[in-house]
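Every number here is computed from the coordinates shown, using simple stated rules; none is lab data. Note that the structure is predicted; figures quoted are calculated from it, not measured. So basically every Cβ, Gly included, is an ideal-geometry build from the backbone, and we count neighbours across all protein chains shown.
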Amino acid sequence: MVKAVVLGAAGGIGQPLALLLKANPLVTELGLFDIVNTPGVAADLAHISTPAKVEGYLPADDGLKKALAGADIVVIPAGVPRKPGMTRDDLFKINAGIVKDLATGIATTAPKAFVLVISNPVNSTVPIVAEVFKKHGVYDPKRLFGVTTLDVVRASTFVAEILGNLSLSKDIIVPVVGGHSGVTIVPLLSKSTHPLPASLSTTDYEALIKRIQFGGDEVVAAKNGAGSATLSMAYAGAEFASKVIRAVNGEKGISAPSFVPLAADPAGGAVLTEELGQELEFFSSTVELGAEGVVKINPLGSLTDAEKALVKAAIPELATNIQKGSNYVIDIY
Ligand code: NAD
Ligand code: LMR
């Protein structure tokens with residue numbers, strides 16, 4: 001019995017994500033919340049012959065509370081997307097307030113739920129949720145996740161393209177660590193389950209790294225003002241949500257990269273901090289999942305010199321983004 005809730009469910013990501021969650025046989029209840037259109041989206045999805053009972057809510061009449069009541073897992077794709085020329089950090093001004101308000105609703109109505117944050121800038125919105133939960137005395141770092149799965153999905157696809165076999169992409173696993181924006185996205189290609197061809201030139205290797213780091217810009221440019229990745233994000237979000245749901249259901253051995261508080265696993269966090277050479281409150285690394293959330297944060301392990309340089313380059317921006325998110329909430333209260 002799993003109740004999943006999508007906040008921002010009428011949006012470009014929200015709708016296909018809600019569809020994929022409705023198609024997940026482990027989901028028995030699906031709550032949809034948005035400031036517009038959720039009754040229609042819910043009525044539409046409710047006709048699909050899968051177990052989940054679907055309900056759509058708007059802000060009126062305590063809609064957020066009703067949507068969140070009894071939630072086991074809450075996915076947040078609410079907020080504005082980028083247009084060409086913008087960075088994810090440019091979204092902070094609008095999305096920080098949206099995420100703070102939604103996090104307040106979760107903290108007061110479903111404080112035990114697993115919270116999966118998609119809204120950008122993820123490097124800052126996850127710290128916002130953490131601070132809101134701390135203010136309400138319900139913070140459990142094991143249950144908070146920034147969704148970075150799209151970077152992992154992109155890395156699998158682009159490596160499969162280089163290997164000349166797209167049907168491999170489902171099996172290719174490339175850990176992508178760090179954060180979710182530009183240089184903070186660090187693909188560890190040396191740890192790919194499917195090695196790159198030995199003949200790959202340094203120029204092609206660097207181009208691949210850059211394409212994974214800036215894959216979001218590729219979609220923003222192609223959409224030409226109509227938003228950012230929605231369908232691939234819904235796929236990635238549903239993949240990650242499905243892993244969390246399977247872990248909650250007692251399945252063992254599930255892991256995935258995610259931007260998590262290092263406090264979720266103090267021992268693993270300490271090893272990671274030593275590897276990074278600097279304290280960061282959040283970092284995306286491969287995490288092992290269990291019924292209570294994060295069980296273990298895996299270390300980065302041995303890296304190539306090129307990967308060490310990428311990690312080093314990611315840290316300053318990551319630290320600034322994290323601080324900006326935390327301060328936003330600390331300054332309000
Ligand atoms: P969108 O504009 O299509 O949809 C956003 C939805 O949020 C809209 O339906 C809107 O009504 C709703 N919304 C706004 N304020 C709300 C509130 N206070 N409460 C509930 N709902 C609210 O945008 P999108 O393309 O779906 O993107 C959503 C967010 O996801 C953006 O911030 C985008 O940058 C981010 N994103 C993240 C990733 C990632 O990898 N983490 C990938 C793609 C997009
Ligand atoms: C992505 O990686 O596609 C998202 O973060 C959306 C964006 O703004 O690029």
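Below are the figures for this structure:
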item	result
The chain: angle of helix 266-276 to the longest principal axis, Cα-based, in degrees nearest 10	40
Shape category assigned to segment 172-312 from the gyration tensor of Cα positions, a/c cut at 1.5	oblate
The chain, Cα convex hull volume normalised per residue, Å³	130
Neighbour-count ranking [beta-carbon atoms within 10 angstrom, fewest first] of S255, S199	S199, S255
Rounded tilt (10° steps) of 122-135 against the dominant C-alpha axis of the chain	50
Whether segment 236-306 is rounded, prolate or oblate, judged on the alpha carbon gyration tensor where a/c under 1.5 counts as rounded	prolate
Equivalent ellipsoid dimensions for segment 2-147 as semi-axes, Å, which come from the Cα gyration tensor, largest first	23, 18, 13
For the chain: relative contact order, % (alpha-carbon pairs under 8 angstrom, 6 or more apart)	18
Distance from segment 227-251 to segment 115-147 (C-alpha centre basis), Å	17
Charge dipole magnitude, Cβ of K and R +1, D and E -1 - the chain, Cα centre, debye nearest 20	400
Extension gain, K93 back to T203 (0.36 nm per residue minus Cα-Cα distance, nm)	35.9 nm
Helix axis angle, 305-332 relative to the chain longest principal axis, alpha carbon, degrees	30
Packing rank of 290-299, 107-116, where each peptide gets the mean count of other beta carbons within 10 Å, highest leading	107-116, 290-299
Proxy reagent accessibility, fewest Cβ within 10 Å first, across Y57, Y235	Y235, Y57
Ordering of 157-168, 175-186, 313-324 by burial proxy (mean other Cβ atoms within 10 Å per residue, highest first)	175-186, 313-324, 157-168
